[in-house]
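Derivation of every value follows stated rules applied to the coordinates shown; laboratory data play no part. What you see is a predicted model; the values in this text were computed from it and never measured. So basically every Cβ, Gly included, is an ideal-geometry build from the backbone, and we count neighbours across all protein chains shown.
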């Protein structure tokens, strides 16, 4: 929480830089993250192009889940409507490339900006609604989206039920890698930048305000936080993240159609959020892995009962890790550090 | 005028389906304080059991009763076996457990009874009534929904058990202190919701036909109806369900140009607008939270 030290107590201020210094010091957490990043850069050089494509999708889902996490995990607003923002992002990219022949690099900022505006505007009525009522409002958005995309008056832009084919990015001539690998690295870099931005956002003054609203809106307002402004802005930023993920998704798949962006996508993102860990930024990637691979594993075990196997796996995971992967890791780390503290005394 | 009346009646007939579902949604919400995403699939599974019994030669009403009893037991078991362990987990994790249950029921029904569309019998027939505005089955559906509502109202307002269930959902700690067995109240709530879902499923199946995915659309409308009416009010849920049916039909008929294609979206947008002005639904009590 933000400190509530009155201005007269500035003499105590040196405590703050000291705390900063502690935070910047490299801990095992940073080493592990660095290890993952290095692995993320090396893996596509060793794997088949299909695996590379799947990993690209994992990153994209991870980014979309991060968008949802900013809203639900850090700000406490529930959303079943993120499939709509993902769809808007994907269609923005597709329409710009297909109809206006814009370079794919420019589709990401465009998709992000559009989703930010739409998310911000949607956040305004959402201010009035709480919990399940907000779930219904966002659910309405998710249900409306495929219908709007199919709407005959917009067919000139959206291609109607048929959808649109998107020209996929090609690797520039000066790098000796395949198009799949290029797309993967492009996605990876976008994802890393956006994850870092989210990390900085959450650990800033703004981030603490966002979390204060989640923990106790009345206390937050009493401390001078403008609840309405931060909630609508968070909605916008959350939509921005998911929208950029949608645009990347359109580039990766090379095709968009209205029925890819139904309520079931929202539910997948929600599952990924919970499995990865609500309120954890690295957890989002684990959520992405789960969302992409577990249905495939279930399908490989039994085609007919794939749904049932998926459900059972989901239940088991919830039983074992009720607070998601991030919560599980937190418990394990706490156990290890306690064991480390006690064992020297015993020996 | 003729068209308006016709569309309203058709809307009410659809609305009766949604109202049935909304009622069972609110029931379980009262008992466990969460929306059950697997509610529709539980109803679908119960209906398949009734269908199987009828296919084996059981008389309709016997199958009807057996399905309700089995669903009640299954509801209690689901609570005891699946949801007891995650009771202390965060709300979103419980939500994912509902999604898992949804997936398991849907996929198993598809595996056991396959995905071909089956007809489900109705004891009420399809004789046209009121100058063919509704048929007997639709009228019976509206009637049964209202009857269920009256019974539930009497149960929750007039019996000790009903009072204990409400107490267990509203404030588990205090309820436990005055001797209410909260865990069993929750299980009972699950059982009742499953039984009401079974009734809803068996009434809906003759209209929408029986197949594993029959309830997905219905459940979504049921949720919309329940939220519109207010989750704390069973009567509100029924009225909300009817309102969603009528709104959807009227939007499809009378709003030119966009009507037919976007009627679901329009109905939902209207609901969201209503919620802007009544954030706890039309008939819900707004919850005063303690700071």
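Here are the numbers:
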{"quantity": "Protection proxy ranking, peptides A:111-123, A:267-279, average beta carbon neighbours within 10 Å, highest first", "calculated": "A:267-279, A:111-123"}
{"quantity": "Averaged over A:147-160, number of beta-carbon atoms from partner chains that fall within 10 Å", "calculated": "2"}
{"quantity": "Spacing of the two label points (7 Å from each Cα toward its C-beta) at residue A:153 and residue A:299, in nm", "calculated": "3.7"}
{"quantity": "Dimensionless Rg ratio for the protein assembly as shown, taking C-alpha atoms and the 2.2 N^0.38 Å reference", "calculated": "1.02"}
{"quantity": "Using a Förster distance of 30 Å, the FRET efficiency for residue A:161-residue B:146 (Cβ separation, nearest 0.05)", "calculated": "0.15"}
{"quantity": "Residue of A:210, A:331, A:263 that the Gaussian network model of chain A assigns the largest fluctuation, springs spanning Cα pairs under 10 Å", "calculated": "A:331"}
{"quantity": "Inter-part distance where region B:162-191 and region B:214-278 are each reduced to a Cα centre, Å", "calculated": "31"}
{"quantity": "For region A:178-281, alpha-carbon Rg over 2.2 N^0.38 Å", "calculated": "1.30"}
{"quantity": "Gaussian network model of chain B, Cα within-10 Å springs - most flexible of B:188, B:23, B:268", "calculated": "B:268"}
{"quantity": "Three-way shape call for region A:30-123 based on the alpha-carbon gyration tensor, with the a/c threshold at 1.5", "calculated": "oblate"}
{"quantity": "Computed [θ] at 222 nm, helices only, for chain B once each DSSP H run of length n ≥ 4 contributes -39500 (n - 2.57)", "calculated": "-24500 deg cm²/dmol"}
{"quantity": "Chain A: calculated mean residue ellipticity at 222 nm from DSSP helix runs of at least 4, using -39500 (n - 2.57)", "calculated": "-25000 deg cm²/dmol"}
{"quantity": "Size of region B:168-291 as Cα extents on the principal axes (Å, biggest first)", "calculated": "59, 40, 19"}
{"quantity": "Three-way shape label, region B:13-94, alpha-carbon gyration tensor, a/c 1.5", "calculated": "oblate"}
{"quantity": "Modelled FRET efficiency - R0 22 Å, residue A:337 with residue A:37, Cβ distances, 0.05 increments", "calculated": "0.35"}
{"quantity": "Inter-label distance, nm, simple model (7 Å from Cα along the C-beta direction), residue A:205/residue A:222", "calculated": "2.2"}
{"quantity": "For chain A, fraction of C-alpha pairs farther apart than 40 Å, in %", "calculated": "17"}
{"quantity": "Rounded if a/c under 1.5, otherwise prolate or oblate - region B:7-50, Cα gyration tensor axes", "calculated": "oblate"}
{"quantity": "Cα-based convex hull volume of region B:2-277 per residue, rounded to whole Å³", "calculated": "142"}
{"quantity": "Label-point separation, residue A:259 to residue B:157 (7 Å along Cα→Cβ), nm", "calculated": "4.7"}
{"quantity": "Using a Förster distance of 22 Å, the FRET efficiency for residue B:55-residue B:5 (Cβ separation, nearest 0.05)", "calculated": "0.05"}
{"quantity": "Alpha carbon centroid spacing (whole Å) that separates region A:269-309 from region A:84-158", "calculated": "24"}
